[in-house]
Amino acid sequence: MTVAQPTATVSSKPSRLKKAWEGISIVFESRVATVGLIIVLFWFALGIISLFWTPYPPNANLFEQNLPPNTTNWLGTDHLGRDITSRLMTGTQVVLLKTRLPGDLGIVIPGGVALWGVFGALVVGAFLGLNAAYRGGWWDQSIMQVLDALVAFPAIVLYLVIITAFEQGDVVVIFAITITGAPGVARLVRSLALDIKTRDYIRAAETRGEKVSYIMFKEIFPNARGPILVDAMLRVGYAIFMIGTLGFLGIGLPPPDPDWGSMVNEARKFIFLNPWGVIPPAVAIASLVVGLNLFADGLREELTRYQK
Amino acid sequence: MAEAAMDWTVNKNLSDAGPVLKIEEVAVAYKVRHGEIVAVQNVSFEIKRGESYGIVGESGCGKSTVAWAIVNFLGANGYVKAGSIKFLGQDLVGKTGEELRKLRGDQIAMVYQDPMQALNPSMKLGDQMKEVLTVHRGMSDADAAKRCIEMLDRVYMPDAANVMKRYPHQISGGQQQRVVIAMALLNNPALLIMDEPTTALDVTVEAAVLDLIAELRRDFDTAIMYITHNLGVVARVCNRVGVMYAGEMVERGTVEQIFKKPQHPYTQGLMRCVPKLGADKASSMLYPIIGRVPPPRNRPIGCIFNPRCDYTQDRCIEERPQLRDMPNGVSVRCHFAGEIDPAQWTPPEELKLPSISGGDGDNGEAEPILTVNGLKKYYPVQGSSLKDLLGRGPKRYVKAVEDATFSVKKGKTLGIVGESGCGKSTLIKTLIGLEESTAGEAQFLGFDITGDLSTRNKQLIQELQMVFQNPDSTMNPSYSVGQQIGRPMIRFGTVPKNQVRDEVIKLLQAMRLGENYYDRLPRQLSGGEKQRVGIARALASSPNVVLCDEPVSALDVSVQAAILNLLLDVQAESGTTMIFIAHDLSVVRFFSDDVAVMYLGQIMEIGPADAIYAPPYHPYTEALLSAVPIPDPTIQQKHIRLEGNVPSAISPPSGCRFHTRCPRRHLLPNNGKICEEELPPWREIGDGHRIFCHIPLETLRTFDPIITQKEED
């Protein structure tokens, strides 16, 4: 977001730090947002810990099968005798912290599947939405018609189509989240941009003869950031939910590393033997989604509130 | 009418004794996240029956807050902290909602600024009006309808019975405000509160509504509380005035007293900020008030006006003055009122006034820098019939600008005036290239500028820049002041990249903003400061011509004066040519060398500014001038009011576009039949002054001047 950045940045540094703090401190003005943030941070912290330490190796069958919670295995064991606590902690990684790239090299990039998926939806959606809104006319018509057609498909059908068309894998799930998320983001960005493009500063940019891309990305987009950010938080929640659903259907993230959705799916099969197995991953999904929702809602309320 | 008048006097005996509204030492506070803000304090005044009490002051001075306190409309976090509000002898403060409702009943009515928001767009006007009577008075539907029609007639609504069947969007803004006023008067209220009721209206419509208000005050014997920022309006409709500043009432008295001999330094300052109609930049000067209205949180301890006052002494800083009665009956909140003589006032040092050298610019004929010949701008409109949908119907257009012909000389200013919708903004949008012109010629420095921006090269774009109207949207909220002013310099490469910062600071200083503004964000600036940055950005590419689209109309008068001075300064220093749009005729007269008067897309009269404001007038110019509210009760204005509405620009009237409303066409044979049939000729008066009218010059010359000084008694 640095346009026409002057050579001397020294003087603007403290103000930027202060600005960042102002942005963060707004979260604590709202109790709802604070609670949401705490829940989300809890799962992030758990995931980071699991990178270095888990009570037991998450994929090793060390115990008796289908144990209820006890002193050794705090949340019990699953149908293969693996420790659920360890698997739950490791399950956070793939959602929030790491993405496994396809190929035999086993390259891992930081940032979970849910985060990359939403990021992809934001990039694609914002690009399409800005073009539709600012250029208008046929651009608007054709972009929005295609996106509307995409929305008309049930999301789950789209996921199935995308995942069966490619192979199972982290990147495919990211791709699926991007495709299903982009129309919603595009609509939001379009509606924001339609409003912003009527402002006088856009006229001023036009009378300077600025390029269309400059006006879209440098003049309009920065002013739409607030609502887009809030929307993105909610979308991360939905994405986690969707990963859970895909895992439950057995077409989600590839084994053997655990993810919450497939944990629910596997435990479901033995629910009459050990009803305790379903609960931890289900609660994990629900609490992270609720946390993100609370955080986004609180943030939105504070951002739109009349300041002081 | 006599019958109606009888009816209105029924309530009159309710309280012959005492004022209708008596406000004593009222303070209003709002609870906010960290403590509370006292928005208004120490406000006292009273309004008697049949009196119209004006409350004036700049925005943020608490005028509306006082009105809301009276009707208990302060919102969830506002409350009256101290003082009493007595309505017909009973205190309104501290009563619950239900008690208040009983007490006030239908006795207080309020008229707001925007009539479109006061009327329900999904209900017919008649139903809305009748509701007032059927609900409050339990009247039968037929009686209520009859009464409503009477009332609409009373506010001079043409075809009242028919208006009852229409929806709000089907009548014009001026008519909407009439309906709102009629509605407010239906219950014959004891107190009528009007909060800037004419601010959103055009000057000719405003004049008619003000006439109406003045007349209703006489006939209905209602107490009117009139809130406005416009001194001219107060002079026209009020008999007593209270001047508010930063939440306090600083001076109150009769209109004559306040305007003839203002005693508080703030009131005196306000009077000096406003250009008098007919004053120009060569012969007079505007003196802005230094500084700005302090926000409620950090008001000074002593006199609230002391940081901006030219007479501040130690006592003013230490002690807050009380409202004192002066010998002539005016009350003033100033320690030194009576000792201050405005005639002795000299502008303070720090007030940098523009150096306008009298007739210096007139030497020789400067060559025109911008010539426009027969320029047209039509917008196609889509019809709604099936034929139109298939593209087979007749093409229809909004004729926004028709045959504009003028030229602007280098270093001069062309002012364009006209009511809203007359095409003045479209004209400059076409010139700057935001819109493509439909036909005609336009040349700038010898280059053709009829196309839109995509057809122009960078150098041409750089030479034509624009200043916008709305200070809140003129700056991008995401970038700092420095970045925004620097962008044109980088874009056009007028300044090497490593010197941009220095150049921006130089420009900021020229705008009387310090270097510390460089890193500020728009939300940290006031309206006037934003407008200065907007001007700086337009000047950053050192353009030849700057187009100003109402740059001061959204600002308070004291800020407006400062911005006008700044623009004058810029022009004097760099010889920039300007086109200046405004709807305020006094401002245009003050600022411009030449003036064009537009009506419905057509230039009606064009010429040197002093020639436009003196006879011979075009009939439309004459009507415009007689409608301007003038802040001087000693001035006599001719009374000409236009009837009807501005016709639609899709099918403008044949012949002369003004013929449907022209008050002078009867001067022509056959009641001006020729006006309906033929386009008028341009009548040349000389010195570039041209009038687009059928009436011969000899007749036009016989019109009296609009403004004359009243004879002193």
Among the listed pairs A:19/A:211; B:281/B:412; B:281/B:409; B:376/B:424; B:424/B:638, give every one whose C-alpha distance is greater than 22 Å. A:19/A:211; B:424/B:638
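Using only helices, what value at 222 nm comes out for chain A when you add -39,500 (n - 2.57) per DSSP H run of length 4 or more and divide by the total residues, to the nearest 500 deg cm²/dmol?
On the way: 11 runs with 194 residues, N = 308.
Counting only the DSSP helices, I get -21500 deg cm²/dmol.
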To the nearest 0.05, how large is the calculated FRET efficiency for residue A:191 and residue A:74 if R₀ is 60 Å and r is the Cβ-Cβ distance? 0.80
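Rounded to the nearest 0.05, what FRET efficiency is calculated for residue B:106 and residue B:643 with R0 set to 41 Å and r the Cβ-Cβ distance?
Numbers: r = 33 Å, r/R0 = 0.80.
After rounding, the FRET efficiency stands at 0.80.
With only Lys, Arg, Asp and Glu charged, each at its Cβ (+1 for the first two, -1 for the last two), find how big the charge dipole of chain B is about the Cα centre; round to the nearest 20 debye. Provide the component values of the computation, followed by the final result.
On the way: 78 positive and 85 negative charges, 362 e Å.
Computed about the Cα centre, the dipole is about 1740 debye.
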Using only the C-alpha atoms of segment B:259-326, find the volume of their convex hull and express it per residue in Å³. 120 Å³
How much accessible area is lost when chains B and A come together, counting both sides, with a 1.4 Å probe, in Å² rounded to the nearest 100? 2700 Å²
Global geometry of segment A:101-249, whether rounded, prolate or oblate, following the gyration tensor of its Cα atoms and the 1.5 cut on a/c: prolate
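If you place +1 on the Cβ of every Lys and Arg and -1 on the Cβ of every Asp and Glu, how big does the dipole about the Cα centre of segment B:202-351 come out, in debye to the nearest 20?
Values: 18 positive and 19 negative charges, 40 e Å.
Computed about the Cα centre, the dipole is about 200 debye.
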Using DSSP to call loops (not H, G, I, E or B), can you name the trypsin sites (Lys or Arg not before Pro) in segment B:8-117 whose Cβ has at most 12 other Cβ atoms within 10 angstrom? B:33
Taking square-rooted eigenvalues a ≥ b ≥ c of the alpha carbon gyration tensor, is the protein assembly as shown rounded, prolate or oblate, where a/c under 1.5 means rounded and, failing that, a/b exceeding b/c means prolate? prolate
What is the average number of partner chain Cβ atoms found within 10 Å of a Cβ in B:471-478? 6
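Which order do B:377, B:165 take by accessible area at a 1.4 Å probe, largest first? If you can, show how the numbers build up before the last one.
Details: B:377 20, B:165 140 Å².
Result of the area sort, largest leading: B:165, B:377.
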What does the net charge come to around residue B:419 if you take all other residues with beta carbon closer than 13 Å to its beta carbon, with K and R at +1 and D and E at -1? -1
So the FRET efficiency between residue A:25 and residue A:104, C-beta based with R0 = 41 Å and rounded to 0.05, is 0.30
So for segment A:28-307, Kirkwood radius off the Cα pairs, Stokes-Einstein at 25 °C and 0.890 mPa s: how many µm² s⁻¹? 120 µm²/s
Label model pair residue A:290, residue B:219: point-to-point distance (7 angstrom along the Cα→beta-carbon line) in nm is 6.7 nm
Taking K and R as +1 and D and E as -1, what net charge do the other residues with C-beta under 13 Å from the C-beta of residue B:611 add up to? -3
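In what sequence, largest accessible area first, do B:345, A:138, A:74 appear using a 1.4 Å probe?
Values: B:345 40, A:138 205, A:74 155 Å².
Result, largest first: A:138, A:74, B:345.
Kindly point out which whole DSSP H helices in chain B project their C-alpha atoms 20 angstrom or further along the helix axis while averaging a Kyte-Doolittle hydropathy of 0.0 or above.
Working: long enough: B:203-220 (25 Å, 0.72); B:557-574 (26 Å, 1.03).
Membrane-span-like by this rule: B:203-220, B:557-574.
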I want to check the label-to-label distance for residue B:31 and residue B:146. Put each point 7 Å from Cα in the C-beta direction and report it in nm to one decimal. 5.1 nm
Could you tell me which of A:274, A:303, A:165 has its Cα farthest along the dipole of segment A:160-308 towards the positive end, charges placed at Cβ (Lys, Arg +1; Asp, Glu -1), taken about the Cα centre? A:303
Rounded to the nearest 20 Debye, what is the dipole magnitude of the protein assembly as shown about its Cα centre when Lys and Arg each give +1 and Asp and Glu each give -1 at the C-beta? 1760 debye
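Please compute the net charge surrounding residue A:266, taking Lys and Arg as +1 and Asp and Glu as -1 over other residues with Cβ under 12 Å from its Cβ.
Charge balance in the 12 Å sphere: +2.
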Have a look at A:126, A:33, A:63 and report the one farthest towards the positive end of the charge dipole of segment A:28-307, computed about the Cα centre with Cβ charges (Lys/Arg +1, Asp/Glu -1). A:126
With the 1.4 Å probe rolled over protein heavy atoms, chain A has an accessible area per residue in Å² of 50 Å²
Over the heavy atoms of residue A:39, what accessible area does a 1.4 Å probe trace out, to the nearest 10 Å²? 40 Å²
Provide Rg and Dmax in Å for segment B:474-516, with only Cα atoms included in the calculation. 10.2, 26
Expressed in nanometres to one decimal, the distance between label points 7 Å along Cα→Cβ at residue B:436 and residue A:149 is 2.9 nm
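With contacts defined as alpha carbon pairs under 8 Å and 6 or more residues apart, what's the relative contact order of segment A:28-307 in percent? Numbers along the way, then the final one.
Values: 448 pairs, mean separation 71.8, N = 280.
RCO, segment A:28-307: 26 percent.
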How well do other chains shield peptide B:485-495, expressed as the mean number of their Cβ atoms within 10 Å of each residue Cβ? 3
Which one of B:648, B:536, B:618 is farthest out on the positive end of the charge dipole of segment B:529-683, using unit charges on Cβ (Lys, Arg +1; Asp, Glu -1) and the Cα centre as origin? B:648
When chain A is treated as a GNM, springs tying every alpha-carbon pair under 10 Å, which of A:197, A:18, A:269 comes out with the largest mean-square fluctuation? A:18
Residue-by-residue Karplus 3J(HN,Hα) for segment A:81-94, coefficients 6.51, -1.76, 1.60, Hz, glycine and proline x: x, 9, 6, 5, 4, 5, 5, 5, 5, 5, x, 5, 4, 5
Partner shielding of A:194-204, taken as the mean number of other chain Cβ atoms within 10 Å, equals 6
Sorted by accessible area (1.4 Å probe), largest first, how do A:251, A:163, B:674 line up? B:674, A:251, A:163
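The values are calculated or read from the model by the stated rules, or taken from the named source; none is laboratory data. Just so we're clear, the structure is a prediction, and the values are computed from it rather than from any experiment. Note that each Cβ is placed from the backbone with ideal geometry, even for glycine, and that neighbours are counted across all protein chains shown. These accessible areas exclude ligands, DNA and RNA; they are computed on the full protein's heavy atoms, side chains included. Shrake-Rupley method; radii C 1.70, N 1.55, O 1.52, S 1.80 Å.
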